[in-house]
Amino acid sequence: MKNKKHLTIIDTPFTVDYSNGNISSKSVINPIKKIKDLQNIFEDKQAFKNIDGDKIIYEVQAILPVEEGREGGLFYGKTIIHPGKVGNEYFMTKGHFHKKIDRAEFYWGIEGEGMLLLMDKNRNTWAEKMYPGSLHYINGYIAHRTVNTGTTKLSFGACWPSDAGHNYQEIMDNGFSARLKEVDGKPQLISTQL
Ligand code: PAN
Ligand code: ZN
């Protein structure tokens, strides 16, 4: 049978505002992470307690055109990390390996400045600078977390396979082997290994 779309011109299902990366579509999901959702992520427990639990640290807009876990599809998202610090550690995402660990991902900087923290299975950690126009290929097997090192919001886009999934537990249990902290007014990668 002929596809119903044969010889028709249809409305574009998704659009992106190039000035800020905002996605519009009928089906955008919008998870929000507040301080209270980020227990055990930041090092300074006292500074963490002093921040209002309802303070929003980051938000995601994503389009999932196929169901999560389906092989062969792609997901598209934008993350906004608000500026700020817990003690001297910058606001950042939880970070994860992909559940299907070999799955890769692209990130690209849209607004603000920050760092993409990357860690391999041997716990070697390094960082790439993020800024409007920066483009980042995150290989499979690499944990990734983003950090807002600026004074304005950091926004970046992402595209990842629909069967990648997220393994947050590994990072919840063992963290990254380095943290991005402000030292003498500048971001510095500080090892957490003793
Ligand atoms: C991104 C991230 C997003 C939020 O879309 O999921 O930036 O970070 P966390 O998932 O670590 O909270 C991505 O990497 N997807 O695979
Ligand atoms: Zn990812």
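The values are calculated or read from the model by the stated rules, or taken from the named source; none is laboratory data. Computed from a predicted model, the values in this text were never measured in an experiment. Cβ atoms come from the backbone with ideal geometry, glycine included; neighbour counts cover every protein chain shown. Side chains included, ligands, DNA and RNA excluded: accessible areas come from the protein's heavy atoms. Shrake-Rupley method; radii C 1.70, N 1.55, O 1.52, S 1.80 Å.
Over region 15-191, average the accessible area per residue using a 1.4 Å probe and give it in Å², no decimals.
Details: 8960 Å² over 177 residues.
Result: 51 Å² of accessible area for each residue.
At what distance in nm do the modelled label points of ASN122 and ILE190 sit from each other, each positioned 7 Å from its Cα along Cα→Cβ?
Taking the simple label geometry, ASN122 and ILE190 are separated by 2.6 nm.
When the convex hull of the Cα atoms of region 121-194 is projected onto a plane and the area is averaged over all directions, what value comes out in nm²? Could you put the intermediate results ahead of the total?
Numbers: hull surface 25.3 nm².
Its Cα hull, projected and averaged over all orientations, spans 6.3 nm².
Going by accessible area, probe 1.4 Å, with all protein chains left in place, what is the ranking of ARG179, ARG70, largest first?
Working: ARG179 45, ARG70 115 Å².
Result, largest first: ARG70, ARG179.
Within the set LYS100/LYS186; LYS26/LYS94; LYS26/LYS100; LYS45/LYS129; LYS33/LYS99; LYS45/LYS153, which residue pairs have Cα atoms separated by over 32 Å? Working shown, then result.
Values: LYS100/LYS186 35 Å; LYS26/LYS94 27 Å; LYS26/LYS100 28 Å; LYS45/LYS129 27 Å; LYS33/LYS99 20 Å; LYS45/LYS153 24 Å.
Pairs exceeding the cut-off: LYS100/LYS186.
Note down the magnitude of the dipole of the chain about its Cα centre, charges +1 on Lys and Arg C-beta and -1 on Asp and Glu C-beta and zero elsewhere, to the nearest 20 debye.
Working: 25 positive and 23 negative charges, 57 e Å.
Using only the charged Cβ atoms, the result is roughly 280 debye.
Short version: what are the Cα gyration tensor semi-axes of the chain, square root of 5 times each eigenvalue, largest first, in whole Å?
Numbers: eigenvalues 200, 71, 47 Å².
Those come to 32, 19, 15 Å.
Label points 7 Å out from Cα along the Cβ direction at TYR137 and LEU74: separation in nm?
1.5 nm
How large is the dipole of region 101-160 about the Cα centre if only Lys and Arg carry +1 and Asp and Glu carry -1, each at its Cβ, rounded to the nearest 20 debye? Numbers along the way, then the final one.
On the way: 6 positive and 6 negative charges, 32 e Å.
Using only the charged Cβ atoms, the result is roughly 160 debye.
What is the ratio of the Cα radius of gyration of region 107-156 to 2.2 N^0.38 Å, with N the residue count, to two decimals? Numbers along the way, then the final one.
On the way: Rg = 10.9 Å, N = 50, 2.2 N^0.38 = 9.7 Å.
Rg over 2.2 N^0.38 Å, computed on Cα atoms: 1.12.
Compute the FRET efficiency between MET172 and SER19 as 1/(1 + (r/R0)^6), taking r as their Cβ-Cβ distance and R0 = 41 Å, and round to the nearest 0.05. Can you show the working numbers first?
Numbers: r = 35 Å, r/R0 = 0.86.
That pair, MET172 with SER19, gives E of 0.70.
Place +1 on the Cβ of every Lys and Arg and -1 on the Cβ of every Asp and Glu in region 15-191, take the dipole about the Cα centre, and give the residue among ASN20, ALA62, GLY175 whose Cα lies farthest towards its positive end.
Sorting the options by dipole projection puts first GLY175.
Add -39500 (n - 2.57) for each DSSP H run of 4 or more in the chain, then divide by its residues: what number comes out at 222 nm, to the nearest 500 deg cm²/dmol? Mind dumping the intermediate values first?
Details: 2 runs with 11 residues, N = 194.
Helices in the chain give a 222 nm mean residue ellipticity of -1000 deg cm²/dmol.
Of the accessible area of the chain, with the probe set at 1.4 angstrom, what percent is carbon plus sulfur? Show your work: numbers first, answer last.
Details: 5650 of 11140 Å².
On the chain, the fraction of accessible area on carbon and sulfur atoms equals 51 percent.
From the protein chains alone at 1.4 Å, what is the descending order of accessible area for GLU113, GLU182, largest first?
Details: GLU113 110, GLU182 65 Å².
Most to least solvent-accessible, the answer reads GLU113, GLU182.
Could you calculate the contour length gain from THR12 to CYS159, that is, 0.36 nm times the residue separation minus the distance between their Cα atoms, to one decimal place in nm?
Values: separation 147, 0.36 × 147 = 52.92 nm, distance 1.86 nm.
The THR12-CYS159 span can extend by a further 51.1 nm.
With a cut-off of 16 Å, note down the residues of region 122-148 whose backbone N falls inside the zone around a label point 7 Å from the Cα of TRP108 toward its beta carbon.
Hits in region 122-148 for TRP108 at 16 Å: 130-138.
Using Cα-Cα distances under 8 Å and only pairs 6 or more residues apart, what relative contact order does region 48-194 have, in percent?
Working: 363 pairs, mean separation 44.2, N = 147.
Contact order relative to length: 30 percent.
Can you compute the charge dipole magnitude of region 79-179 about its Cα centre, using +1 on each Lys and Arg Cβ and -1 on each Asp and Glu Cβ, nothing else charged? Give it in debye, rounded to the nearest 20.
So the dipole magnitude of region 79-179 works out to roughly 140 debye.
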